[in-house]
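Structure record follows, encoded as structure tokens.
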Amino acid sequence: MKLHHTYDCLKRMNPVRLVALGYMSYIFVGFALLCLPFMHRNAVCALDNLFIAASAVSTTGLTTVAVNEAYNFWGQLVILILIQLGGIGYMTFSSFVILSSKKYLDDRKKDVAHVVFSIPRNFKIEKFILSVILFSIVVEAVGAIGLFFVFLREGIQHPLWNAIFHSISAFCTAGFSLFPNSFEGMSANFGLNAIISVLSILGAMGFIVCVDVWRLIRGKEKHVTLTTKVIISMTLWLLCIGGVLMFLTESYGEGVTPANKLLFSFFQSMTALTTVGFNTVTVSTLSKSAIMLICILMIIGASPSGTGGGLKTTTFSAIWGLMKSTIKGDNDVRIFGGKVPDDRVKTAVATLSLYISMLLFGTYLLTLTENGQFLDIFFESASALGTVGLSMGLTAALTSLGKIVIILMMYIGRVGPLTFGMALYVKPELIFDDAKTDLAV
């Protein structure tokens with residue numbers, strides 16, 4: 001009777017709350033598994049296990065313990081599964097199982113999927129989910145093959161497992177690494193930089209772009225959606241601007257060649273914008289201007305329906321369009337010649353307001369619990385909320401209260417500040433109306 005009542009409550013629950021609850025359930029299941037003694041190489045306390053589970057599901061990559069030292073193969077496998085589930089989104093795997101058995105998704109599951117992926121209504125959700133799974137498998141497999149040969153040439157132990165782990169971690173923009181200093185030991189390896197960058201950018205730009213471009217190539221569509229145009233353009237512009245500014249303002253120490261300097265600059269820009277969180281240089285050694293630039297890119301973040309976090313490029317574009325229209329005195333907000341409806345602009349403004357509020361509140365709480373420098377604390381807070389995983393060294397020294405604050409921020413960052421707020425206050429009847437535009441924010 002109680003089970004039937006619980007199921008009935010879940011059926012009536014609005015999709016936004018189901019998404020928030022779904023990610024939370026992933027975290028606690030992962031936490032329970034990581035607490036099992038045979039998962040560990042060395043003893044790990046319960047709070048650290050919860051931290052790692054939350055970081056994996058949120059695809060953040062912040063770690064309070066060294067993954068390779070703390071967990072054995074089975075523990076690492078659990079973490080990798082959590083990363084994959086968190087990366088492709090709540091309900092995606094279960095929906096795939098349902099579709100594989102030739103069943104159709106009911107309206108409730110479709111509504112949840114639309115919340116998870118933020119996709120335009122002209123996308124057929126069943127085909128979209130199948131495309132997401134297929135695309136993820138193909139990209140991660142190709143990435144793993146490439147990384148296998150890179151690690152083999154570098155003399156890395158267990159090159160196959162390391163290749164699989166880091167390929168999935170990169171595509172899901174998780175930033176979890178089995179190496180003690182991420183990729184600092186292979187910072188000048190062009191092949192590694194290229195493969196990780198391609199995987200991260202594909203994951204961050206999102207499944208909307210991949211499916212949309214594939215439909216265009218196959219001739220099923222004459223034009224890509226406005227969302228795809230905005231995502232591709234903004235991602236390329238921000239990567240270029242970030243990389244050039246890093247190259248011009250950061251020295252990376254003595255003896256660094258211009259070629260390596262360019263490689264380092266692009267990678268640090270890429271890792272912040274895509275929120276993948278890998279690093280090829282020690283973040284704490286960078287200049288204040290570079291740290292500030294990385295913070296800006298982390299806050300902007302990846303794109304809707306992608307595996308990354310942050311404010312999202314489409315939201316940033318809508319805000320940018322609003323500023324331009326206000327300065328010019330125009331009544332309409334336009335991006336790439338397309339008018340953005342008022343409800344989408346309001347959504348973007350609300351998202352920005354909530355995001356900045358949570359970032360500042362999280363930073364404030366960390367200033368109460370931690371003894372680090374303010375810049376270190378703000379950077380940690382921005383990295384957690386943006387699900388990035390970069391750190392200036394504060395993560396390993398976090399207090400117990402600090403770890404709880406970061407766990408909450410990573411969770412909110414994965415669900416999305418606006419979705420999290422709606423999960424608390426939205427009415428039971430959630431109405432989606434994308435008839436006016438295909439811009440996902």
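What follows draws every value from the coordinates through simple rules; no lab data is involved. Quick caveat: nothing in here was measured; it's all calculated off a predicted structure. Methodologically, a virtual Cβ is constructed for each residue, glycine included, from the backbone with ideal geometry; neighbour enumeration extends over all protein chains shown.
Given Cβ point charges of +1 (Lys, Arg) and -1 (Asp, Glu) and nothing else, what value in debye, to the nearest 20, does the dipole of region 2-425 about its Cα centre take?
1500 debye
Would you mind pulling out the separation of the Cα centroids of region 187-227 and region 272-295, in Å?
23 Å
Mind ranking 147-155, 202-210 by how tightly packed they are, going by the mean number of other C-beta atoms within 10 angstrom, highest first?
Sorting 147-155, 202-210 by mean packing, highest first, produces 202-210, 147-155.
Whole-Hz Karplus ³J(HN,Hα) for region 382-391, in order, using 6.51 cos²θ - 1.76 cosθ + 1.60 and θ = phi - 60°, x for Gly and Pro?
Ordered by residue, 3J(HN,Hα) equals 5, 5, 5, 5, x, 6, 8, x, 6, 8 Hz.
In terms of modelled amide H atoms, which long-range or inter-chain residues lie less than 5 Å from the amide H of Lys339?
Hits under the 5 Å cutoff: none.
Can you put Val405, Val65, Val244, Val57 in order of Cβ neighbours within 10 angstrom, beginning with the fewest?
Starting with the residue having the fewest Cβ neighbours, the order is Val244, Val65, Val405, Val57.
Rank-order 264-272, 341-349, 134-142 by packing density, defined as the average count of other C-beta atoms within 10 Å over each peptide's residues, highest first.
Ranked from most to least packed, the peptides come out as 264-272, 341-349, 134-142.
Going by amide H atoms built from the backbone, whose H comes under 5 Å of the H on Asn279, apart from near neighbours?
Phe183
Determine, for each peptide in 323-335, 230-242, the mean count of other beta carbons within 10 angstrom over its residues, then list the peptides with the highest first.
Top to bottom by mean Cβ count within 10 Å: 230-242, 323-335.
With unit charges on the beta carbon (Lys/Arg positive, Asp/Glu negative), name the residue among Leu359, Ala194, Cys210 whose Cα is farthest towards the positive pole of the charge dipole of region 2-425.
Cys210
Using Cβ contacts closer than 10 Å as the measure, can you line up His166, His158, His40 from fewest to most?
His158, His40, His166
Karplus couplings for region 164-170 from phi (6.51 cos²θ - 1.76 cosθ + 1.60, θ = phi - 60°), rounded to Hz, Gly and Pro as x?
Coupling constants for region 164-170: 5, 4, 6, 5, 5, 4, 6 Hz.
Would you please name the trypsin sites (Lys or Arg not before Pro) within region 165-273 that are DSSP coil residues with at most 13 other C-beta atoms within 10 Å of their C-beta?
Arg218, Lys220, Lys222
For each of Ser289, Ser55, Ser400, count neighbouring Cβ atoms within 10 Å of the residue's Cβ, then give the residues from fewest to most.
Ser400, Ser289, Ser55
Taking 8 Å as the Cα distance limit and 6 or more residues as the minimum spacing, I'd like the relative contact order of region 2-425 as a percentage.
Relative CO of region 2-425 lands at 19 percent.
Check His40: other-chain or 5+ apart residues with amide H under 5 Å from its amide H, H built from backbone geometry?
Asn72
Residue separation times 0.36 nm, minus the C-alpha to C-alpha distance between Ala194 and Ile327: what's the value?
Full extension of this stretch gives 43.9 nm more.
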